[in-house]
Amino acid sequence: MLGIAEIGRYIPNVRVSNVEKLAKFELDEDFLKNKLGVLSQSIKDEDEKTSDLCVKAFYDLEQKTEINKEDIECCIVVTQNPDYNIPHTSAIVHGKLALEESCACFDISLGCSGYVYGLSTIIAFMQNNGMKKGLLFTADPYSEIIDHDDKNTDLLFGDAATVTLISTEALYKPVDFSFGTKGKEYQQLLCDKKLYMNGRAVFNFTATVVPKHIQNLMQKNNLSDDQIGRYILHQGSRFIVDTITKRLKIAQEKVPFNMLEYGNTVSSSIPLILAEEMKSEHSYMLLSGYGVGLSWASTILQKVEGK
Amino acid sequence: MKVTTDDILEVIESAEVVADTKSLQNDIKLTDQGVDSLDIVNIYLLLEEKFDIKIPDEDLSQVTTVNDIVEYVNSKL
C-alpha cells in the first residue's frame, strides 16, 4: 500500500520583518500576531528558482531517511510559479537531482489545495504504473509576484518548499479524498504580473465551504472528532484557521498553527506541519487545503499498522 | 418582522470581536470602536447567514455603524 514515508522541508533563512511595515499599512502588532498570524516572512534569494527550493527540500529528506535516487520512479512538482513557462519545473528538478531517465516527471498547477491534490495524483499514478517510490514536491515562491504596496498580500506570504516521499514503506496512508471548485470566482485570487486577492471573498469562501466539506468527508468515512488526532489546515492566515476551527467546533490544540515566523507558504503549508507529525501516534489526521481557483481539497490519513 | 438593534448586537456578539457589545455606540463606525478590518468581514458574513441576505462589496459604505446595519438589513428583508 502506497503512502507517505517521510517529508523533507526547506525554508529560506532570510526573514523580512512585518513589524517594520506596521506604520506603512497603519496596523498594530497585535493584528499581525493574532489576526494575520505572520510576524516575518521567509524570502528566497533573488536568483534562487523554484527548482532550487525543491532541491534543497530533497537534501533535507536525505538527512531524514536513506534514499537511493535510482529507486525514484516518479517526480511531481506542485507550483504556479515555475522556473519557466516551458519546460515543466519537475524536469529541471529531475536534472538537478540526476534522477534516472526512466523516472516520470510532470507538474501540477494548483495553489493552496495543491498538496492534497498532489497526494491523490501521485499515489494513483504510481499505483497505475506499478511504481514503488516517488517524490511529490511543493514550491510556490510568491515573493516573485507580490505587490509591495498591497496591504492584502504584502504581509501574508512566505517562500518554502517541501518534498514528500511516497513509498510502499509508508507511515501514513490516505483513506479517502474529497475535492471541490468554484470556478466562477477564479478572479478573487489571481496573478496577472502581480498578485491580487479579494480578502473578503476568499474569507467568505473558506468560512462557508471548508467546514461543511470537512464534516461531510468525516461523516462519509464514519469518523468522529475524537478519532481525529490532528486537523492540519492550510495556513491561510491565523484568522482563517481560527474561523474554520470555531465553525467545526473542534479543540484548538488539535489544529497546529506555525506560520508566525515565515508566512503563508501556499501548497507547502500543509506538508511543513505534517513533517512534524510523521512520528506521531495519531490513528487519523485530516488535511485540508483551500484557496486559488477557488479550489479546495481534503484527505484523511490513517496511521499504518506496525509503523 | 423588523430587525432590531438587539438582533444586530446579538450577531456582533457571536462574532466575539468586542468584550461587551453593550458598550458599543450605535451611531459610530464599528471600525472606530475596536473592530478591525478582518472582524468586520466576519460580522458581514454572520449577518448574511443569519438574515439570508447578500451584502455586496459596493454596499459596504452603507453598513458601517449599528444603526446603519439595522436600516440596511430591514431594507433587504
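The values are calculated or read from the model by the stated rules, or taken from the named source; none is laboratory data. In this text the structure is predicted, and so the values were computed from the model without any measurement. FYI the Cβ positions are ideal-geometry reconstructions off the backbone, even for glycines, and counts take in every protein chain you see.
Observations
- Residue selection: residue A:187 satisfies the criterion of being more than 13 Å from residue A:296 (Cβ to Cβ) and out of contact with any helix residue (DSSP H, G or I) (no Cβ under 7 Å at 6 or more places or on another chain).
- Within region B:30-71, if we keep just the residues that are away from every other protein chain (no Cβ under 14 Å) and within 10 Å of the chain's Cα centre (by Cα), the residue that is surrounded by the most Cβ atoms within 10 Å (Cβ to Cβ) turns out to be B:69.
- Among the residues of region A:116-130, those identified as in contact (Cβ under 8 Å) with a residue 24 or more places away in the chain and assigned to a helix (DSSP H, G or I) are A:116, A:117, A:118, A:119, A:120, A:121, A:122, A:123, A:125, A:126, A:127.
- Take the conditions (1) surrounded by fewer than 20 Cβ atoms within 10 Å (Cβ to Cβ); (2) in contact (Cβ under 8 Å) with a residue 60 or more places away in the chain; (3) more than 14 Å from chain B (Cβ to nearest Cβ); residue A:54 misses just one of them, which is (1).
- When A:13, A:18 are checked against the criterion of being away from chain B (no Cβ under 14 Å), in contact with a Gly (Cβ under 9 Å, 6 or more places away or on another chain) and over 30 Å from residue A:127 (Cα atoms), a single residue qualifies: A:18.
- Tallying residues that are polar (S, T, N, Q), away from every other protein chain (no Cβ under 14 Å) and touching a residue at least 40 places away in the same chain (Cβ under 8 Å) within region A:171-217 yields 2.
- Number of positions in region A:67-108 that are under 25 Å from residue A:143 (Cα atoms) and either at pLDDT 95 or above or outside the structural domain of residue A:135 (by TED's automatic domain parsing) (or both): 25
- Any chance residue A:125 is within 14 Å of another protein chain (Cβ to nearest Cβ), farther than 15 Å from residue A:266 by Cβ and among the aromatic types (Phe, Trp, Tyr): no
- Some residue of region A:170-177 being outside the structural domain of residue A:93 (by TED's automatic domain parsing), over 30 Å from residue A:67 (Cβ atoms) and surrounded by 16 or more Cβ atoms within 10 Å (Cβ to Cβ): no
- Failed criterion for residue B:77 (all others in (1) surrounded by fewer than 17 Cβ atoms within 10 Å (Cβ to Cβ); (2) modelled with pLDDT under 90; (3) within 14 Å of chain A (Cβ to nearest Cβ) hold): (3)
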